[in-house]
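The values are calculated or read from the model by the stated rules, or taken from the named source; none is laboratory data. Bear in mind that the values here come from a model prediction, so they are computed numbers and not experimental data. Using ideal geometry, Cβ is built from the backbone for each residue, glycine included, and neighbour counts are taken over all protein chains shown. We work out accessible area using only protein heavy atoms, side chains counted, and drop any ligands, DNA or RNA first. Shrake-Rupley method; radii C 1.70, N 1.55, O 1.52, S 1.80 Å.
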Number of protein chains: 2
Amino acid sequence: MSVDAVDFLQHVSEYAFEVDTYIMNHPFVSLLRPSEVREGFLGYLQQGGKRLRPFLVKTCCELVGGESFQALPAAAAVEVYHTWTLVHDDIIDRDDLRRGRPTLHRQFAEHAGKNNGVPGPLREHYGQSLSMLIGDMQHGFAIMLLSDLHYVLDEAVVVELIREMCGPLLLHLMAGEVRDVQLAFQVGARPSLKDLIEMMSGKTAALLEFCVTAGTTAGTGVFEPFNSPTRELREFALNCGIAFQIHDDILGLVGDEKILGKPIGSDLREGKYTPLMHFALERAPARLRERLLGALGDSGLTAEDVREVREIFQEVGALGEARRLAESYLGRARKALAQLEPSEPLEKLEQWAEFLLQRKF
Amino acid sequence: MSVDAVDFLQHVSEYAFEVDTYIMNHPFVSLLRPSEVREGFLGYLQQGGKRLRPFLVKTCCELVGGESFQALPAAAAVEVYHTWTLVHDDIIDRDDLRRGRPTLHRQFAEHAGKNNGVPGPLREHYGQSLSMLIGDMQHGFAIMLLSDLHYVLDEAVVVELIREMCGPLLLHLMAGEVRDVQLAFQVGARPSLKDLIEMMSGKTAALLEFCVTAGTTAGTGVFEPFNSPTRELREFALNCGIAFQIHDDILGLVGDEKILGKPIGSDLREGKYTPLMHFALERAPARLRERLLGALGDSGLTAEDVREVREIFQEVGALGEARRLAESYLGRARKALAQLEPSEPLEKLEQWAEFLLQRKF
């Protein structure tokens, strides 16, 4: 690792500590009862993570000449906002693991058996119910955190940011989620690449765009999402988000299970249709195509089956094509950034993007 | 029905129309895609309902000298807020019916089979997933609607109201929901009457208290939830909410199935522990107590079984005691109101409370 990269990571982790401290000590959190709810509420937040979204907020704030403390409530807000979508997502996907530990609904299900006298067949339902409510609380808490900006910003601007979060961001994000659910459950759905990119821009990139807007607004005190430099920074964030999601799907198939925190091929078993699968089906001869379609959504796939699918992806060149697609979005992101004056925060954004695409979990 | 009551209902339904028009024509709604999502999003709102919460907002606004149009965004916000909690509640309860029609997650499940090619065993899961996301969207939309108040109020006051919704209201409401889930799933849970009242104050009364605060704030332009008359009006709303919930539980057992819109005794089958059950268990001799505890949470109860339980409730005097409890909370509500100067809006609030406790569905 270069000295620069070490410096960058040092920077990221220092800020993560600041953000976490802000969240954990918030009155909203102190008032959560009973203790199992508070623990569930903080669970994903305490399982680590690099706080890359808060870092984006802060760096955009600095880029427009703001002090990083001005961005802190917004930085905390986007992390908590991200968390509620994870909690609800895990319920939808019925995932058992996140970052190598049981998902929240699984934790509550296990807890229900041990401590709360909930009979066996009802435990899953109990866990899903409680974690849905936890996600709901986190959703409201995120908006509360964003509204904390009224300590440093004009209230009219705070209202604009809240409306951006509850309007465009939510609509964009949920459109992606809904599409994802529809595709995951439909037998034989074959979305186009454009469809897949649109879904990714909703599921992942919309929140990154919001991070930019929140950061520059906190830094300047003015809400102007479509003026320079917010416009270029949003373009940067959008493309980073899509590149990141493609990369993430690749990792889900060729990554390291221990670092990934969940079994390799779980997307495949769940029937998740990714650009990787799209390219493979486009390129594979009929016989292999049958094999791929048979594997998609087959919850009984063994590690050996998954390895076979991976080899097909490799062989027909789908892996390479997906990687090139991710690279091309990263290229667009860099191009957007190149329109702005060089500065120290700008360099940090470049490092941020690089880190995003290098991450293994 | 008295002339007054007819007048009152006329008034309520006129305002319901205004509120619905505001909601249905909102840009947020126009931007919802695809159409099945928009239909699901508006579903419960289009199934009628008296809009008693919006009416409370409006009347409190008028009581402090405001014009009703000033309260409109807040009135719309509380109705949509109420709706998202219903949608998530129905998923938790796995209820099939609401107001005589399939619940949202059931609608999506049926739709999934007919139009979207989702295989049978996955349809329930699909319906629950989509309706959870719809509830999430309604949650954000409610805050968006509340923030529309910035057209008529100082933004600093709007931020205060948003913080009240995302902080105290949400925490209070969710504490009630969590307790409800815990009790519903625990075998043999025997909460105290105090526990039950606390749960009701969270699940039902917290939002009514918020209606008051939103209404008076919209009317005066000042956020002072703990000063008169908001303090007394909140006391009124809190007690009405508890009375209403006790009444509602009674109706669930002795009401008219057709008007209720769901089978009599469904609370009983779901194992919902109500004040009614509390009183019955306290008063019943050992033999009948066994019968009651056996019936609680038995999903196989026939209409005949439910009738038997109802007779036990009647016989041991639990029905009468629950009714007296509801009356006593209504009494407290009236006492709170009596502290304020007589006025036309005050009379409307009295009628509102009476109507609340007379409603059959």
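Listed values, structure above:
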{"read-out": "Where B:Leu145, A:Leu122 fall by accessible area, highest first, once all protein chains stay in place (1.4 Å)", "value": "A:Leu122, B:Leu145"}
{"read-out": "Gap separating the Cα centres of the range A:226-261 and the range B:283-361, nearest whole Å", "value": "55 Å"}
{"read-out": "Calculated label separations, B:Glu14, copies of the chain, 7 Å along the beta-carbon direction, nm", "value": "6.5"}
{"read-out": "The protein assembly as shown: mean projected area of Cα convex hull, nm²", "value": "31.7 nm²"}
{"read-out": "Selection of GluC sites (Glu not before Pro), the range A:160-234, meeting DSSP coil and at most 15 other Cβ within 10 Å", "value": "none"}
{"read-out": "A/B buried area, accessible surface, summed, 1.4 Å probe, Å²", "value": "4700 Å²"}
{"read-out": "Ranked order, A:Val181, B:Val254 - accessible area, probe 1.4 Å, largest first", "value": "B:Val254, A:Val181"}
{"read-out": "A:Ser328, A:Ser68, reordered so the largest accessible area comes first (probe 1.4 Å)", "value": "A:Ser328, A:Ser68"}
{"read-out": "Cα gyration tensor shape of the range A:254-361, rounded if a/c is under 1.5, else prolate or oblate by comparing a/b with b/c", "value": "prolate"}
{"read-out": "Per-residue ³J(HN,Hα) for the range B:14-19, Karplus 6.51 cos²θ - 1.76 cosθ + 1.60, θ = phi - 60°, Hz, x for Gly and Pro", "value": "5, 6, 4, 5, 4, 4"}
{"read-out": "Cα shape, the range A:1-109, gyration tensor, a/c 1.5 rule", "value": "prolate"}
{"read-out": "Per residue value of the accessible surface for the range B:67-134 (all protein chains in place, 1.4 Å probe), Å²", "value": "34 Å²"}
{"read-out": "The protein assembly as shown, accessible surface, carbon-and-sulfur percent (1.4 angstrom probe)", "value": "50 percent"}
{"read-out": "Area accessible to solvent at B:Ile312, 1.4 Å probe radius, in Å²", "value": "10 Å²"}
{"read-out": "Between the range B:94-140 and the range A:1-43, the alpha-carbon center distance in angstrom", "value": "35 Å"}
{"read-out": "Rounded accessible area of B:Asp4 (nearest 10 Å², 1.4 Å probe)", "value": "90 Å²"}
{"read-out": "All-pairs alpha carbon distance profile, chain B, 20 Å steps from 0, percent", "value": "28, 57, 14, 0"}
{"read-out": "Mean residue ellipticity (222 nm) of chain B, computed from DSSP H runs ≥ 4 via -39,500 (n - 2.57), nearest 500", "value": "-23500 deg cm²/dmol"}
{"read-out": "Backbone HN-Hα couplings from phi across the range B:208-221 [Karplus 6.51/-1.76/1.60, Hz, Gly and Pro as x]", "value": "5, 4, 4, 3, 4, 4, 5, x, 5, 5, 5, x, 9, x"}
{"read-out": "Accessible-area value, A:Lys50, 1.4 Å probe, nucleic acids and ligands omitted, Å²", "value": "80 Å²"}
